[in-house]
Amino acid sequence: MNETILVDKNLSLEEKYENLIPQIKNLLSPSDNLITNLANCTATLKQTFEKISWVGFYIFDGKELYLGPFQGKVACNIIQIGKGVCGAAAQQRKTIIVPDVNKFPGHIFCDADSKSEIVVPIFHKDNSLFGVLDLDSYEYDSFNETDKKYLEEICKFLTSEIINS
Ligand code: SME
């Protein structure tokens, strides 16, 4: 297994994802533990995109979202479905881009310096909720439709190849 992720910092956002995604698909493996795969997935994103202050998974246990593998400062352990950006994305089953977290009613501040955020829901193969992938930034307006497109592709890969059921 190749454990090095190489993405040229001078590439455009789209090119960075186009370079990164094959490397994620190579690094993550259904034969590895799920936590191992999710942990390395957060690391690939954090080390590729300087704009990310925090990236991690919240995983649905049938009732609420609990903190999974992440990179960044300590974060809230539990998020209720419908609460915050993570809970809203889980409830609405769609990606939410928040250019200014101060303008998102009910946003949960795990880090007071966080300014913008994107949350992508993740599903099991049977379409039930697995959890969410949450990315935060210390800059306003850090995430756009390009991030949405490629992060959704990564989450679909997790559904089809990495999450076991
Ligand atoms: N801001 C998120 C909570 C998680 S932290 O940002 C890591 C939210 O509103 O759901």
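The values are calculated or read from the model by the stated rules, or taken from the named source; none is laboratory data. Everything numeric here is computed off the predicted structure, so don't read it as measured data. Positions of Cβ are backbone-derived with ideal geometry, glycine not excepted, and every protein chain shown enters the neighbour counts. Quick note on the areas: whole protein, heavy atoms, side chains included, nothing else; ligands and nucleic acids left out. Shrake-Rupley method; radii C 1.70, N 1.55, O 1.52, S 1.80 Å.
Taking the accessible area of the chain, probe 1.4 Å, and keeping the other protein chains in place, the carbon and sulfur fraction comes to 48%.
Note on Gln80 and Ser12: their simple-model spin labels are 4.4 nm apart, each label 7 Å out from Cα toward Cβ. So for the chain, what percent of the C-alpha to C-alpha distances run longer than 22 Å? That fraction is 37 percent. Of the GluC sites (Glu not before Pro) found in the range 2-65, those in coil by DSSP whose Cβ has at most 16 other Cβ atoms within 10 Å are Glu3, Glu50. A DSSP coil position with no more than 11 other Cβ atoms inside 10 Å describes the following trypsin sites (Lys or Arg not before Pro) in the range 61-165: Lys63, Arg93, Lys125.
Result for the chain in a Gaussian network model with C-alpha springs under 10 Å: among Thr42, Thr146, Thr95, the largest mean-square fluctuation is at Thr146. For Asn26, the shell of other residues with beta-carbons less than 13 Å away shows a net charge of -2, using +1 for Lys and Arg and -1 for Asp and Glu. In the chain, helices alone account for a calculated mean residue ellipticity at 222 nm of -10000 deg cm²/dmol, with every DSSP H run of four or more residues adding -39,500 (n - 2.57). In loop segments of the range 56-156 as defined by DSSP, the chymotrypsin sites (Phe, Trp or Tyr not before Pro) with at most 15 further C-beta atoms inside 10 Å of their C-beta are Phe109, Tyr138, Tyr140. The calculated FRET efficiency for Glu3 paired with Ser128, based on their beta-carbon distance and R0 = 22 Å, is about 0.10.
Placing unit charges on the Cβ atoms of the charged side chains and taking the dipole of the chain about its Cα centre, the candidate lying farthest along the positive direction among Pro99, Ile79, Thr44 is Ile79. Of all the options Ser53, Ser142, Ser12, the one that moves most in a Gaussian network model of the chain with Cα springs shorter than 10 angstrom is Ser12. Its Cα centre serving as origin, the chain has a Cβ charge dipole (Lys and Arg +1, Asp and Glu -1) of approximately 380 debye. Solvent exposure of the chain amounts to 49 Å² per residue of accessible area, where only protein heavy atoms count and the probe is 1.4 Å.
Under a Gaussian network description of the chain, with springs only between Cα atoms under 10 Å, the residue in Ala112, Ala90, Ala39 that fluctuates furthest is Ala112.
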